[in-house]
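So the structure is just underneath, and the comments pick up after that.
The values are calculated or read from the model by the stated rules, or taken from the named source; none is laboratory data. Treat the numbers as computed from the prediction; the structure is a model and nothing was measured. So basically every Cβ, Gly included, is an ideal-geometry build from the backbone, and we count neighbours across all protein chains shown.
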Amino acid sequence: MTRTVPEYRRGFVFDAEAQQTAMDLMQRLVTLFQAGSTDLAPAQMREPVSNYLDMQLWQREMAEIFYKLPVPVGLSAELPRAGDYKAVNVAGRSILLTRGRDGSLNAMMNVCRHRSMQLVPEGCGSTRRFTCLYHAWSYGLDGRLLGVQAEDTFGAVDRDEFSLLRLECGERAGVMFVGLTPGVAFDLDEWLGDLLPELETLGLADTVPFSTRYLEGPNWKVTADGYLESYHFASLHPNSVAQTDISNLAAFDAYGPHMRNTFGLKPLAVAAELPRDQWDPMECLGVTYWIFPGLAIAGGWRDHVAVSIMLPGAEWGSSLTEQTLLVRHAPQDEIERALAQASSDFFHDAVRDEDYAAQRQVQRALPSVAGECQVFGRNEPAVQHFHRTLALLIDIER
């Protein structure tokens, strides 16, 4: 069954610098398309299957990556007003983000300091203060302990010592980042490096969330692999993604641990026969950004942008993806709502029913070939880069 293909509309007009970047990207894609090729790594790469199955290695990944590095966990557009909050669970740690009265972003452990009860369930909301349901201790938007029920009988409580455990956090280009370990600081500008100016051109901070949906997935690395190549489009997505994108065609760029994959859309085949001054990159290129370790921005030049935040679960074999469809402005009528819903359904259904269905089968099959290797092709440079980055960060030999 062919899925309903969403109507792609341009999201903004390029300035001169962005237009030049887009035209250069399109030139690369046209050249690759005409050659019947794609960006290639120098060689194939082998990844031991045991690296997916090793529980101790998974624990090191959590400790050295998710508990030390800035992790993208949300979008600034989710917290547009003072008092807005988002609670999320990342690798077994319960996190709370809030928008302060001064517009600042706060992050803290979503755990009451009295009896360690989770303060609010996962999801978004708005409040003036947080009150624990267990014994009614209350906290401000910045995590400061405000009230202790019956403190005259409980005993005096130091407000500074028993405020919520604060976490390093920050926002860049409309993405919210958190450090999952109290006391561990980071420099977001240094971490994002040369990717940051590109992300800022997308204007994500000025978008409006239309829908947020959750997809349960397998091990986080099995899940991540599927976001990073177009080699599978024709075989796994014949009635969805392959209706809009050219399979096995991508221009790959690395930005430290992060990446940009520029996929060729079907109109590229027509544009390749036209003079350069008649090209429209926004019509012909599908640009996807990957912020390490697990955020994908698809359709960033469009009116509808799909952002997938893929986070590991508390156990080796689980992950949870928060997929949000952002729109450039809130739908004004039924037609615009229907178009946004079609985009939301397209991305959600293709990932759930095709990508994640296949990846669950991969996870089930891995133990059968535990002593073997997976092979990443020359046409999968982003997958190779992801695994080399992992090896570097957790200091394992390749």
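Side notes on the structure shown:
- Where D24 falls short, out of the listed (1) touching a residue at least 24 places away in the same chain (Cβ under 8 Å); (2) surrounded by fewer than 19 Cβ atoms within 10 Å (Cβ to Cβ): (1)
- If only residues of the range 145-183 that are surrounded by 12 or more Cβ atoms within 10 Å (Cβ to Cβ) and polar (S, T, N, Q) are counted, the one that is farthest from R128 (Cα to Cα) is T181.
- The strands (runs of 3 or more DSSP E) located wholly in the range 151-227 that include 3 or more residues which are in the same structural domain as R360 (by TED's automatic domain parsing), at pLDDT 95 or above and over 29 Å from A136 (Cβ atoms) occupy 208-217.
- Of all residues in the range 213-225, those that are of a type outside the set (S, T, N, Q) have Cβ atoms under 7 Å from Cβ atoms of residues that are surrounded by 21 or more Cβ atoms within 10 Å (Cβ to Cβ) and part of a loop (DSSP other than H, G, I, E, B), 6 or more apart or on another chain, in W220/G294; A224/G294.
- Among (1) closer than 20 Å to R10 by Cβ; (2) among the polar types (S, T, N, Q); (3) surrounded by 21 or more Cβ atoms within 10 Å (Cβ to Cβ), the one test that S240 misses: (1)
- Remark: Q341 falls outside the filter, which requires a residue to be of a type in the set (S, T, N, Q), closer than 20 Å to Q359 by Cα and not in a loop (DSSP other than H, G, I, E, B).
Per-residue answers, yes or no, for (1) surrounded by fewer than 14 Cβ atoms within 10 Å (Cβ to Cβ); (2) under 22 Å from the mean Cα position of the chain (by Cα); (3) outside the structural domain of L141 (by TED's automatic domain parsing):
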site: V5; (1), (2), (3): no, no, yes
site: Q20; (1), (2), (3): yes, no, yes
site: R28; (1), (2), (3): no, no, yes
site: D39; (1), (2), (3): no, no, yes
site: S50; (1), (2), (3): no, no, yes
site: L75; (1), (2), (3): no, yes, no
site: E78; (1), (2), (3): no, yes, no
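- Some residue of the range 131-144 being surrounded by 14 or more Cβ atoms within 10 Å (Cβ to Cβ), among the small types (G, A, S) and free of Cβ contacts under 8 Å to residues at least 24 places away in the same chain: yes
- Conditions (1) surrounded by 15 or more Cβ atoms within 10 Å (Cβ to Cβ); (2) assigned by TED's automatic domain parsing to the domain that holds D345; (3) modelled with pLDDT under 95: number failed by G11: (2)
- Only one of V73, V49 that is in contact (Cβ under 8 Å) with a residue 24 or more places away in the chain, under 18 Å from P182 (Cα atoms) and of a type outside the set (F, W, Y): V73
- Matching entry among W301, W279 (being at pLDDT below 95 and under 26 Å from D194 (Cβ atoms)): W301
One line per residue, one yes/no per condition, for (1) assigned to a loop (DSSP other than H, G, I, E, B); (2) on the phi > 0 side of the Ramachandran plot; (3) at pLDDT below 95:
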site: T2; (1), (2), (3): yes, no, yes
site: V5; (1), (2), (3): yes, no, yes
site: V30; (1), (2), (3): no, no, no
site: D39; (1), (2), (3): yes, no, no
site: E61; (1), (2), (3): no, no, no
site: I65; (1), (2), (3): no, no, no
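Quick grid of which residues meet (1) within 17 Å of the chain's Cα centre (by Cα); (2) of a type in the set (K, R); (3) at positive phi; (4) part of a helix (DSSP H, G or I):
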residue: Y289; (1), (2), (3), (4): yes, no, no, no
residue: S308; (1), (2), (3), (4): yes, no, no, no
residue: Q323; (1), (2), (3), (4): yes, no, no, no
residue: Y356; (1), (2), (3), (4): yes, no, no, yes
residue: Q359; (1), (2), (3), (4): no, no, no, yes
residue: Q363; (1), (2), (3), (4): no, no, no, yes
residue: Q374; (1), (2), (3), (4): no, no, no, no
residue: L393; (1), (2), (3), (4): no, no, no, yes
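- Total residues in the range 118-136, condition farther than 18 Å from P182 by Cα, in contact with a strand residue (DSSP E or B) (Cβ under 7 Å, 6 or more places away or on another chain) and outside any strand (DSSP E or B): 5
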